[in-house]
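The structure appears right after this line, and notes come after that.
The values are calculated or read from the model by the stated rules, or taken from the named source; none is laboratory data. Keep in mind the model is a prediction, meaning the values are calculated, not measured. Neighbour counts run over all protein chains shown; Cβ positions are idealised from the backbone, glycine included.
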Amino acid sequence: MIRSDATPSAAFSRESAGDAPPPVVTATPRITHRAGAIAAADRMVPEETPIALSYGGTTHAVMMASPADFEDFALGFSITEGIVASAGEIDSVEVQDLGAGVDIQIRLRDVANTRFEARRRRLAGPVGCGLCGIESIEEAMRSVDAVGASKLILTPDDVTSSVRLLSGLQPLHRQTGAVHAAGFYVPGKGVVAAREDVGRHNALDKLAGALSQRQVSGTDGAVVVTSRVSVEMVQKTAAIGASVIIAVSAPTALAIRTADAAGMTLVALVRGDDFDIFTHPDRVVPGGARHVA
């Protein structure tokens, strides 16, 4: 395992049980029924595998996820779950391919490890249910820090362009039609990072990790997701530091209340040029000057 005590970010290493990393997509045979005709054909389908996130040698979470972007996942999950405040609090990450699954061993630096041990809990999060296994209502309803410090202003064209641009950065979805994506849109730059996964929460975690590794501030832009907006999507977006979340699907009532309380702008149901703004609409200004501070 590679360790780094002198650098601000974690060192990564990988151990594999085989000669190649696990596949992300697989071709599977099927029988198609189209316009009354029956034919045999293959279809590309996404893989999902159990991925354990372990801290100090003890498994903290097991997520069913796409077997890719492991380092981003480790870092992003650690940030969005409040385990670390930044990559600098992670000492090392070791990705172990066990064949039947992947174990990501994360070692925290002293201060972060002490803080984490005080709040250690166990959870299991199957796809589509990021809160499964949390042991208390208080954990599920953790408070969200206000994001009002951001001065990000978007135009309606920014909103619709962000979704359109993200759709062009989804190679796994184009192959399979069965994965979610999360991207980060910066006015004037477009979508500067995007990640895909079979689970919407996992895609957002992986995006958080990618942004942290690139040292992109969450205040610079908006999170864009291809899924519905649950309360955890709002919580994770706030942990990234973004003041705007844009989604192609609808939000839950709790997600709306949480975004409103955090000072976050929640835009959803983006369809072509149409969209709905549910909270803090002042950040979307038709034709207005936009800036980030």
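The residues of the stretch 244-274 that are over 18 Å from Ser227 (Cβ atoms) and hydrophobic (A, V, I, L, M, F, W, C), listed by number, are Ala261, Ala262. Hey, any hits in the stretch 139-159 for a residue that's among the polar types (S, T, N, Q) and at pLDDT 95 or above? Yes, that holds for at least one residue. Number of residues in the stretch 267-285 that are out of contact with any Pro (no Cβ under 6 Å at 6 or more places or on another chain) and within 17 Å of His201 (Cα to Cα) equals 0. Based on this model, can you work out whether Thr237 counts as assigned by TED's automatic domain parsing to the domain that holds Pro171 and closer than 24 Å to Phe70 by Cα? When the stated conditions are applied, Thr237 passes them.
May I ask you to verify whether Asp145 is among the charged types (D, E, K, R) and in the same structural domain as Thr279 (by TED's automatic domain parsing)?
no
Being more than 16 Å from the chain's Cα centre (by Cα) and under 22 Å from Gly241 (Cα atoms) narrows it down to one residue among Ile90, Ile79, Ile83; which is it?
Details: Ile79 fails: more than 16 Å from the chain's Cα centre (by Cα); Ile83 fails: more than 16 Å from the chain's Cα centre (by Cα).
Testing whether each residue is more than 16 Å from the chain's Cα centre (by Cα) and under 22 Å from Gly241 (Cα atoms) leaves just Ile90.
Within the stretch 102-119, the set of residues being out of contact with any helix residue (DSSP H, G or I) (no Cβ under 7 Å at 6 or more places or on another chain) and at pLDDT 95 or above comprises Asp103, Gln105, Arg107.
I'd like to know if the stretch 33-44 contains one or more residues that are of a type outside the set (Phe, Trp, Tyr), in a strand (DSSP E or B) and under 23 Å from Ala194 (Cα atoms). Steps first, answer last, please.
Filtering the stretch 33-44 down to residues of a type outside the set (Phe, Trp, Tyr) leaves 33-44.
Narrowing further to those that are in a strand (DSSP E or B): 33-34, 37-44.
Still in the list and also under 23 Å from Ala194 (Cα atoms): 44.
Looking for residues that are of a type outside the set (Phe, Trp, Tyr), in a strand (DSSP E or B) and under 23 Å from Ala194 (Cα atoms), one finds at least one in the stretch 33-44, hence yes.
Can you pull out the residues in the stretch 189-227 that are of a type in the set (Ser, Thr, Tyr), more than 19 Å from Val25 (Cβ to Cβ) and not in a helix (DSSP H, G or I)?
Taking the stretch 189-227 as the starting set, the residues that turn out to be of a type in the set (Ser, Thr, Tyr) are 212, 217, 219, 226-227.
Right, trim to more than 19 Å from Val25 (Cβ to Cβ) and you get 212, 217, 219, 227.
Those that are of a type in the set (Ser, Thr, Tyr), more than 19 Å from Val25 (Cβ to Cβ) and not in a helix (DSSP H, G or I): Ser217, Ser227.
Output the residue which, of all residues in the stretch 11-67 that are among the acidic types (Asp, Glu) and at pLDDT 95 or above, is surrounded by the fewest Cβ atoms within 10 Å (Cβ to Cβ). Before you say what the answer is, go through the steps one by one.
Here is the first cut: in the stretch 11-67, the ones among the acidic types (Asp, Glu) are 15, 19, 42, 47-48.
Within this subset, residues satisfying the condition of being at pLDDT 95 or above are 42, 47-48.
Details: Asp42: 10, Glu47: 16, Glu48: 20.
Checked the stretch 11-67; the qualifying residue surrounded by the fewest Cβ atoms within 10 Å (Cβ to Cβ) is Asp42.
Each residue in the stretch 155-188 was checked for being assigned to a helix (DSSP H, G or I), in contact with a strand residue (DSSP E or B) (Cβ under 9 Å, 6 or more places away or on another chain) and under 13 Å from Pro46 (Cα atoms), and 5 of them qualify. Being modelled with pLDDT of 95 or more, surrounded by 14 or more Cβ atoms within 10 Å (Cβ to Cβ) and among the hydroxyl-bearing types (Ser, Thr, Tyr) is a description that applies to Ser92.
The one condition from (1) more than 23 Å from Gln170 (Cβ to Cβ); (2) modelled with pLDDT of 95 or more that Phe70 does not meet is (1). Does Val223 satisfy the criteria of being in contact with a Lys or Arg (Cβ under 9 Å, 6 or more places away or on another chain), β-branched (Val, Ile, Thr), under 24 Å from Ile83 (Cβ atoms) and in contact (Cβ under 8 Å) with a residue 40 or more places away in the chain? Against the criterion (in contact with a Lys or Arg (Cβ under 9 Å, 6 or more places away or on another chain), β-branched (Val, Ile, Thr), under 24 Å from Ile83 (Cβ atoms) and in contact (Cβ under 8 Å) with a residue 40 or more places away in the chain), Val223 qualifies.
Remark: pairs (first residue in the stretch 174-202, at positive phi; second residue modelled with pLDDT of 95 or more and surrounded by fewer than 23 Cβ atoms within 10 Å (Cβ to Cβ); Cβ separation under 7 Å; 6+ apart in sequence or on different chains) = Gly190/Leu165.
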